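Each remark here refers to the structure printed beneath this line.
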Amino acid sequence: MWSTAMKRIVRLGLPLVVVIILVMSFVSARSMSDMENYSRLINYVGIVRGASQRVIKLETNNRPDDALIDYVSGIMEELLSGEGEYGLKRTVYKEFNDDLEKLGSRWDLIKEEISDVREGAGTEKLLNSSEELFDIANDTVFTIEEYSGMRSAALARQLIITGVLCFLISLFVIIYYVREYFKLSRKTEKLADMAGRDKLTGALTTERFYEEAQKAIDREPDARIAVLYIDFENFKYVNDVFGYEVGDAILQKYVEVVKASLRNGELLSRTMADRFVLLRYYEDKQRLLEEQQELDRRFVNLDVLPDKHSITVACGFCCREDVIEQLDIHGLINRANYAQKTIKSRPDEHYAFYNDSIRQKLFREVYLTDRMQEGLDNREFRVYLQPKVSPYDGMIKGAEALIRWITTDGKFITPGEFVPLFEKNHSIKKLDTYVFENVCRLMQEWHEKGQTVVPVSVNVSKLTFYTADFIKEYREIKERYGIPDHMLEIEFTETVACENEKYMTQIVKELHENGFLCSMDDFGTGYSSLGMLKNLDIDILKLDALFFRESKDLKKEQIIVKEVLHMICQLNIKAVAEGIETDSQVAFLKECGCDFIQGYYYYRPMPAEEFEAELKRQYGQKR
Ligand code: C2E
Ligand code: MG
Ligand code: MG
């Protein structure tokens, strides 16, 4: 309301000033011309005063001057009428006009008395009248002078008032616009700031963080700068169990707590869901760690968390001084992220600094990633097979294909080390297909040699499932090598199944239609949802080795395994127990009716030739 009124005033202000100036210019021009008229009037009344004295003097000295008389009469006439050759205008000032009337009638009288003197009358009357005219003319001059003074004072006052008024209006308008300008630039700044902030938490966006952090790094090459990469563990669980609102509130609170701790120049960004990066200055690494620990402790104890064990914070630090290479902000974040990832495998650790051993691991990753293609070209990847054995007769009933990387210099690299790297650079599909084709080739060879052929399972990574045409491609390979239906099993992990159950239900259906068996790997390591078992039409369930690690409560563990096995038997799903190493485990699994056992107890993964030999030993040659 107030601001609308202000705007209206400002909008009127400038035109108003222009109008006032125009009006004042007009008024001033008129006043100037009036002033000029007044001085002319003063002048001519003065002439009447002087000339009339001279007329009388000449008359009394017998030297009459009619021309002078006419001249005075002409002026007198123009003074009274306001029209004539001298440009004398009448004024509206009554006193002056009265004086002029008096002066005019006195002059008329003098003219009559001159006639009388010429006809022989005495000059005394004329001389008296002349003195009276002189006085009247004097008064008239004073009157008009006074009036002119009054008018010019009024004009000056008007000009001053108008000037002040215009100045005030202009000042008001200028102040208004200056304020508007600052308001606008503050607004623009605020908008620009908002654009660089995450909507949910108000932390910086990744782009803005990169930009500002890079500036800080370049600006202060010697400052002790650390980049922190923070990730909440169990955040997905919080979202799933308590809902997204609680999840959002937790993220907002964390940002609030961290923001309050930021010192000058320090930055905080939310890179994605529950991940944060921080740029901090520090004097001492231990102090930096303690401060972060204290902050996280405070956060975990806040009311916003459903319970203080629902979330743990995992933070990786990368201090610039610990990095040998010249790195930009991306490099520092990557290293902090890397340090953070090392925490995940150690449940009691929540903080890790980037150090030499991490650097070596990182270099190893870079080296392996660089060598991937060369390894594939040189056929350094070999398919090993680990038998799946029936515990009831000790016979091999199947196998799992497990990839091995054996470098040209004989070094053995396990899939745990390189599979995640293949996943990271999206070449896992190539590797999975390579293994699959090799398995098909082996099975074809066994068949052609008249060897017993057992079903073989292959691991398929999550990314492979999401590549278009993967089933079509696998079917083509299967057909090319003439592998019958139900001899090839596709293994996918429980986590993959869980992440997109609907999609996986469709995939399982299509795999079945194309003659593949479906196997759920690592059951028991993730969510292990029973609902998922109900919806996904799998053929085989692989109980993870975790189930069989000697736990504190063996009895409980055995009850669970027994019941799970009982349940999947009812569901017509075959069970494979993985990672079985001991007599007692085998005895127990037999008791529970587990179909197959895959573990070191029977066999370790072995090269294909060894596996073939073992098959031959058990089953003999068919022909
Ligand atoms: P996985 O599919 O769960 O394979 C079983 C792992 O358990 C294998 O490890 C195997 O050597 C190991 N194992 C079997 N029995 C025992 C035992 O009694 N004790 C112990 N301690 N371990 C046992 P490996 O070969 O290192 O493979 C690790 C993981 O790498 C596999 O887990 C699988 O997820 C992945 N992987 C292997 N080959 C491929 C592949 O061709 N493609 C993809 N995408 N992943 C693969
Ligand atoms: Mg597997
Ligand atoms: Mg497994």
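The values are calculated or read from the model by the stated rules, or taken from the named source; none is laboratory data. Treat the numbers as computed from the prediction; the structure is a model and nothing was measured. FYI the Cβ positions are ideal-geometry reconstructions off the backbone, even for glycines, and counts take in every protein chain you see. Ligands, DNA and RNA are excluded from the accessible area calculation, which covers all protein heavy atoms including side chains. Shrake-Rupley method; radii C 1.70, N 1.55, O 1.52, S 1.80 Å.
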The range 381-470: chymotrypsin sites (Phe, Trp or Tyr not before Pro) in DSSP coil with no more than 13 other Cβ atoms inside 10 Å: 392, 466
The chain - mean residue ellipticity at 222 nm from DSSP helices (-39,500 (n - 2.57) per run, n ≥ 4, rounded to 500): -20500 deg cm²/dmol
The chain - share of DSSP beta bridges that are antiparallel (%, nearest 5): 55
Peptides ranked, highest mean first, by Cβ atoms within 10 Å: ranges 360-367, 78-85: 78-85, 360-367
At R0 = 30 Å, FRET efficiency that the Cβ-Cβ distance of residue 43 and residue 94 yields, to 0.05: 0.90
Rounded to whole Hz, the Karplus (6.51, -1.76, 1.60) HN-Hα couplings of the range 26-35, x for glycine and proline: 5, 4, 5, 4, 5, 4, 4, 5, 4, 4
Cβ-defined net charge surrounding residue 459, 11 Å radius [Lys, Arg +1; Asp, Glu -1]: -4
In order through the range 604-617: 3J(HN,Hα) via Karplus (6.51 cos²θ - 1.76 cosθ + 1.60), integer Hz, x for Gly, Pro: 8, x, 9, x, 4, 5, 5, 4, 4, 4, 5, 4, 4, 4
Inter-label distance, nm, simple model (7 Å from Cα along the C-beta direction), residue 423/residue 406: 2.6
Under-5 Å amide H pairs with residue 518, H placed in peptide plane, nonlocal only: 490, 539, 540
Dipole magnitude (debye, nearest 20) for the range 377-619, charges at Cβ of Lys, Arg, Asp, Glu: 80
Rounded to 10°, Cα long-axis angle of helix 356-377 versus longest principal axis of the chain: 70
Residues of the chain: accessible area per residue with a 1.4 Å probe, Å²: 54
Largest to smallest accessible area among 188, 342, 464 [probe 1.4 Å]: 188, 342, 464
The range 2-180: relative contact order as a whole-number percent, Cα under 8 Å and 6+ apart: 34
Under 5 Å, built H, 5+ apart or other chain: amide partners of residue 402: 384, 385, 386
About the Cα centre, charge dipole magnitude for the range 2-180 (Lys/Arg +1, Asp/Glu -1 at Cβ), debye: 1700
Carbon plus sulfur fraction of accessible area for the range 69-219, probe 1.4 Å, in percent: 58
Hz values of 3J(HN,Hα) by residue in the range 434-444 - Karplus curve (6.51, -1.76, 1.60), Gly and Pro given as x: 4, 5, 4, 5, 4, 5, 4, 4, 4, 4, 4
Crossing angle, helix 124-195 versus the chain [Cα axis fit, 0-90 degrees, rounded to tens]: 0
DSSP-loop chymotrypsin sites (Phe, Trp or Tyr not before Pro) across the range 539-623, with at most 13 other Cβ within 10 angstrom: 600
Listed residues 26, 60, 41: farthest to the positive end of the dipole of the range 1-77 (Cβ charges): 26
Amide H within-cut-off set for residue 205, under 5 Å, with H built and near neighbours excluded: 197, 198
Of all accessible heavy-atom area on the range 280-367, the percent that carbon and sulfur account for (1.4 Å): 50
Percent RCO, i.e. relative contact order, over the chain, from Cα pairs under 8 Å lying at least 6 residues apart: 9
Degrees, to the nearest 10: 244-261 long Cα axis against longest axis of the chain: 60
Debye, to nearest 20: dipole size of the chain, +1 on Lys, Arg Cβ, -1 on Asp, Glu Cβ: 1940
